[in-house]
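Written below as structure tokens is the structure these notes are about.
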């Protein structure tokens with residue numbers, strides 16, 4: 001049951017997002033079942049993964065749409081477009097866990113670990129780890145495809161769909177760019193606080209808050225002044241969100257965060273927290 005006191009649950013937002021997610025998974029599950037019964041673990045895995053989460057991106061998209069004066073007649077379309085971002089997020093999480101070698105996500109085995117376990121218990125040929133990584137990459141790709149599908153068929157007029165798609169395209173590009181910069185920083189052994197903040201901005205702040213707000217504004221037909229105001233609000237908040245997440249990644253309670261504490265340190269992640277620590281440390 002959702003906490004009714006959460007601002008994310010105004011207008012039953014999280015519950016409405018979950019209904020849409022479940023509908024999409026049920027529909028796409030039938031498509032996969034028509035291909036082969038062997039694909040059932042893919043939908044089962046996604047159903048478990050997408051039953052949780054804060055729904056931040058749908059929330060900022062939906063309230064961005066409302067705040068920008070979206071037509072109430074398009075409320076259901078706005079909710080569906082917002083829910084599309086949960087599939088983009090699922091793609092990002094699945095692929096991120098592969099790149100980081102994470103064991104858990106939202107208190108469950110990470111997707112690549114789950115499929116490695118399926119391989120192992122089934123006593124199939126080859127490497128369980130390789131099978132798990134391959135399956136996770138494909139499942140993430142499916143989520144990316146479904147995110148597009150849900151957004152583009154949300155029910156908005158064509159001219160608003162075109163405006164929203166332009167923002168969504170930039171959002172995806174920035175996310176992948178930020179993800180690569182994150183990998184690059186790890187490969188280089190880390191750098192300055194400024195470089196770490198660049199990763200935060202493109203991998204998290206823009207993707208989590210600013211661009212969802214922009215997407216909502218575009219779908220509402222808002223002008224440039226609204227988009228600019230959303231940036232002034234969204235970027236600092238997005239950066240603060242990620243900085244707090246970095247702290248929780250080291251010092252957080254796994255029972256609360258759903259992932260082990262210290263993973264960022266073990267993985268050699270060059271977060272702002274680590275960059276500041278290195279700058280301030282003595283030999």
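The values are calculated or read from the model by the stated rules, or taken from the named source; none is laboratory data. Note that the coordinates shown come from a computational prediction; the quantities given were computed from them, not determined experimentally. Neighbour counts run over all protein chains shown; Cβ positions are idealised from the backbone, glycine included.
Scanning segment 255-275 for residues that are assigned to a helix (DSSP H, G or I) and surrounded by 14 or more Cβ atoms within 10 Å (Cβ to Cβ) gives 257, 263, 264, 272, 273, 274, 275. In this structure, does residue 163 turn out to be within 20 Å of the chain's Cα centre (by Cα), touching a residue at least 40 places away in the same chain (Cβ under 8 Å), surrounded by fewer than 21 Cβ atoms within 10 Å (Cβ to Cβ) and assigned to a helix (DSSP H, G or I)? Considered against the rule, which asks whether it is within 20 Å of the chain's Cα centre (by Cα), touching a residue at least 40 places away in the same chain (Cβ under 8 Å), surrounded by fewer than 21 Cβ atoms within 10 Å (Cβ to Cβ) and assigned to a helix (DSSP H, G or I), residue 163 comes out as no. Per the conditions (1) modelled with pLDDT of 95 or more; (2) touching a helix residue (DSSP H, G or I) at 6+ places or on another chain (Cβ under 8 Å); (3) surrounded by fewer than 18 Cβ atoms within 10 Å (Cβ to Cβ), the sole criterion not satisfied by residue 104 is (1).
In this structure, is residue 117 touching a strand residue (DSSP E or B) at 6+ places or on another chain (Cβ under 9 Å), surrounded by fewer than 21 Cβ atoms within 10 Å (Cβ to Cβ) and at pLDDT 95 or above?
yes
Looking across segment 214-247, the residues that are surrounded by fewer than 16 Cβ atoms within 10 Å (Cβ to Cβ) and more than 30 Å from residue 156 (Cβ to Cβ) come down to 240, 244, 247.
Among the criteria (1) within 30 Å of residue 265 (Cβ to Cβ); (2) exposed (fewer than 15 other Cβ atoms within 10 Å of the Cβ), the one residue 124 does not fulfil is (1). Residues that are outside any helix (DSSP H, G or I) and touching a helix residue (DSSP H, G or I) at 6+ places or on another chain (Cβ under 8 Å) were ranked within segment 17-52; the one that is surrounded by the most Cβ atoms within 10 Å (Cβ to Cβ) is 50. When 258, 232, 252, 268 are screened for being modelled with pLDDT under 90 and farther than 24 Å from residue 52 by Cβ, only 268 passes. Of the numbered criteria (1) assigned to a helix (DSSP H, G or I); (2) modelled with pLDDT under 95, the one residue 191 fails is (1).
Select from segment 62-99 the residues that are free of Cβ contacts under 8 Å to residues at least 60 places away in the same chain and closer than 23 Å to residue 137 by Cβ and write down the one among them that is surrounded by the most Cβ atoms within 10 Å (Cβ to Cβ). Selected residue: 94.
For segment 5-14, a residue qualifies if it is surrounded by 13 or more Cβ atoms within 10 Å (Cβ to Cβ) and at negative phi, and the qualifying residues are 6, 8, 9, 10, 13, 14.
For segment 180-187, state whether one or more residues are within 20 Å of residue 53 (Cα to Cα), out of contact with any strand residue (DSSP E or B) (no Cβ under 6 Å at 6 or more places or on another chain) and crowded, with 17+ Cβ neighbours inside 10 Å. No, there is no match, as no residue in segment 180-187 is within 20 Å of residue 53 (Cα to Cα), out of contact with any strand residue (DSSP E or B) (no Cβ under 6 Å at 6 or more places or on another chain) and crowded, with 17+ Cβ neighbours inside 10 Å.
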